[in-house]
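Colleague: The structure under discussion is supplied below as C-alpha cells; questions concerning it will follow.
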C-alpha cells in the first residue's frame, strides 16, 4: 500500500502520448488540426447529439452556451445553489441573474419541486447540474420548461457517460456543457465542450469562441472571445474518449466496492443510484452524521493522517461573498447540510481494490475509536 492516496488523478493509459506526439510532429499545435474536429464529432456522437463545439474549459462552455441561446443582461437563470462556482460565474459575467434552488438529500441534485415557484417574467432558462455524476430527474425539469417556454441547459461537467432513462447526459436538455479538467472522467488537461442538436446555436458558439471572425475575416459582427481548445489537448481528449466506457466502468465498479464495504457503518450515508439513472460516480461522496462519533472535518483529519486525501462538498452559491451584491433571498437548508456533512473519498478510475479496502477499513477503525 502506498503511503498517500490522492483524491483524484487522471488515468492516462491509452494513446494520449501517441496522439499528442503526432499533433506536435504535424506542426498543428494550436487551435486548428485534425484532432479538434474528430474529438468534437466523436464526443457529440457519444452523447447522442449532432454538434460539438470544443473550448478552453468547462466554465467557458457554459458561457458560450448561455450566449448562443440568447441569455442577456437582466435575464434570470434558475440553477442549483449546491454546485461549484464555475457553474454560476458565466451567468453573472453576462449580467444575468442566477436564481438559486435548494437540493434534495437523496441524490444531492437540485430539488425539481422547488423550480416552478422561482420562475418570473424575467426567467429565460433552467440550468441543471448533474451533481457528482448522478443525473437530475429530467422529466420533471422538462415538463416545467416546456410549460413556461424556457431553455434547459445541462451542466454535465461531472457526468460524462451518465444516463437518464437510457439517454446520455448531454442529450437530455436543449444544450449541454462539459468540462475536461484533469479530475474529470475523461480529460484534456483543461478543456470543455458545448453539445447540442441546434445547428444555429452550435454555429453561434463556434464564432463566439474564436473572436467572431466574419467575412471578410477581420470584420466582426459581435464581440467574441478566445476560448479555443488546442489540437494537442484534443489529441489527449480523443485518446481518452476511446476508453471512456472503461473509465466509466471503473468508477462504477469502485463505487460498488465502496458501497459493499461501507454500507453497515452507522452514520455514513452512501451515494445512491435511482432506478431511472446510471450514476458514473465522478466523485464518490459520503455524508457523515450521527451516530458516527466524529464530525465530517474530524473524520477528514483522521483520514489525512493515514495518507488518504479527501475533499469537502461544495459551499452553496447563496453563501458566496462574491455574489453578495445579488441580494439572494430564501433558505437553503439542504445545501447547507450537505456542505456541513459531505465530503468525497479518493475516486480515480485507476484506484485499486487494495486501496479501496484500506480506505474502508480505516473508516471502520475510526468509527470504533482506533485513531492515530
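The values are calculated or read from the model by the stated rules, or taken from the named source; none is laboratory data. The shown structure was predicted, so the numbers you read here are calculated from the model rather than taken from an experiment. All Cβ positions, even for glycine, are placed from backbone atoms using ideal geometry, and neighbour counts span all protein chains on display.
Colleague: Return the residues of segment 295-314 that are surrounded by fewer than 16 Cβ atoms within 10 Å (Cβ to Cβ), in contact with a strand residue (DSSP E or B) (Cβ under 9 Å, 6 or more places away or on another chain) and in contact (Cβ under 8 Å) with a residue 60 or more places away in the chain; say none if nothing qualifies.
Modeller: Those that are surrounded by fewer than 16 Cβ atoms within 10 Å (Cβ to Cβ), in contact with a strand residue (DSSP E or B) (Cβ under 9 Å, 6 or more places away or on another chain) and in contact (Cβ under 8 Å) with a residue 60 or more places away in the chain: 307, 309.
Colleague: Just need a number here: residues in segment 274-290 that are more than 14 Å from residue 342 (Cβ to Cβ), surrounded by fewer than 19 Cβ atoms within 10 Å (Cβ to Cβ) and touching a helix residue (DSSP H, G or I) at 6+ places or on another chain (Cβ under 9 Å).
Modeller: The number of residues fulfilling the criteria is 1.
Colleague: Of 293, 271, 275, which residue is part of a loop (DSSP other than H, G, I, E, B) and more than 27 Å from residue 80 (Cβ to Cβ)?
Modeller: Details: 271 fails: more than 27 Å from residue 80 (Cβ to Cβ); 275 fails: more than 27 Å from residue 80 (Cβ to Cβ).
Being part of a loop (DSSP other than H, G, I, E, B) and more than 27 Å from residue 80 (Cβ to Cβ) holds for just one of 293, 271, 275, which is 293.
Colleague: Can you name the number of the only condition in (1) assigned to a helix (DSSP H, G or I); (2) in contact with a strand residue (DSSP E or B) (Cβ under 6 Å, 6 or more places away or on another chain); (3) surrounded by fewer than 23 Cβ atoms within 10 Å (Cβ to Cβ) that residue 61 fails?
Modeller: Status for residue 61: all satisfied but (3).
Colleague: Taking the stated definitions as given, is residue 231 out of contact with any helix residue (DSSP H, G or I) (no Cβ under 9 Å at 6 or more places or on another chain) and touching a residue at least 24 places away in the same chain (Cβ under 8 Å)?
Modeller: On the way: out of contact with any helix residue (DSSP H, G or I) (no Cβ under 9 Å at 6 or more places or on another chain): no; touching a residue at least 24 places away in the same chain (Cβ under 8 Å): yes.
When the stated conditions are applied, residue 231 does not pass them.
Colleague: Residue 7 fails exactly one of the following numbered conditions: (1) part of a loop (DSSP other than H, G, I, E, B); (2) touching a residue at least 60 places away in the same chain (Cβ under 8 Å); (3) out of contact with any strand residue (DSSP E or B) (no Cβ under 7 Å at 6 or more places or on another chain). What is the number of that condition?
Modeller: The failed condition is (3).
Colleague: So which of 195, 265, 280 is part of a loop (DSSP other than H, G, I, E, B) and under 21 Å from the mean Cα position of the chain (by Cα)?
Modeller: Details: 195 fails: part of a loop (DSSP other than H, G, I, E, B); 265 fails: under 21 Å from the mean Cα position of the chain (by Cα).
It is 280.
Colleague: Now, a different point. Given the options 32, 73, name the one that is assigned to a loop (DSSP other than H, G, I, E, B), surrounded by fewer than 20 Cβ atoms within 10 Å (Cβ to Cβ) and free of Cβ contacts under 8 Å to residues at least 40 places away in the same chain. Give the steps one after another, and end with the answer.
Modeller: Numbers: 32 fails: free of Cβ contacts under 8 Å to residues at least 40 places away in the same chain.
Only one candidate qualifies: 73.
Colleague: State all residues of segment 212-243 that are crowded, with 18+ Cβ neighbours inside 10 Å and outside any loop (DSSP other than H, G, I, E, B); if no residue qualifies, say none.
Modeller: 231, 232, 233, 234, 235, 236, 237, 238, 239, 240, 241
Colleague: Among the residues of segment 89-129, which ones are without any contact (Cβ under 8 Å) to a residue 60 or more places away in the chain and part of a loop (DSSP other than H, G, I, E, B)?
Modeller: Of everything in segment 89-129, those that are without any contact (Cβ under 8 Å) to a residue 60 or more places away in the chain and part of a loop (DSSP other than H, G, I, E, B) turn out to be 95, 96, 109, 115, 119, 120, 121, 122.
Each row is one residue, and each column tells you yes or no for (1) touching a residue at least 24 places away in the same chain (Cβ under 8 Å); (2) under 19 Å from residue 161 (Cβ atoms).
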site	(1), (2)
220	no, no
224	no, no
239	yes, yes
250	yes, yes
258	yes, yes
262	yes, no
272	yes, yes
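Colleague: Looking at segment 315-347 only, could you name the residues that are outside any loop (DSSP other than H, G, I, E, B), in contact (Cβ under 8 Å) with a residue 24 or more places away in the chain and surrounded by fewer than 13 Cβ atoms within 10 Å (Cβ to Cβ)?
Modeller: Listed by number, the residues that qualify are 322, 333.
Residues checked against (1) surrounded by 23 or more Cβ atoms within 10 Å (Cβ to Cβ); (2) touching a strand residue (DSSP E or B) at 6+ places or on another chain (Cβ under 6 Å); (3) modelled with pLDDT under 95:
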{"position": "86", "(1), (2), (3)": "no, no, no"}
{"position": "97", "(1), (2), (3)": "no, yes, no"}
{"position": "100", "(1), (2), (3)": "yes, no, no"}
{"position": "113", "(1), (2), (3)": "no, no, no"}
{"position": "121", "(1), (2), (3)": "no, no, no"}
{"position": "130", "(1), (2), (3)": "yes, no, no"}
{"position": "149", "(1), (2), (3)": "no, no, no"}
{"position": "152", "(1), (2), (3)": "no, yes, no"}
{"position": "157", "(1), (2), (3)": "yes, yes, no"}
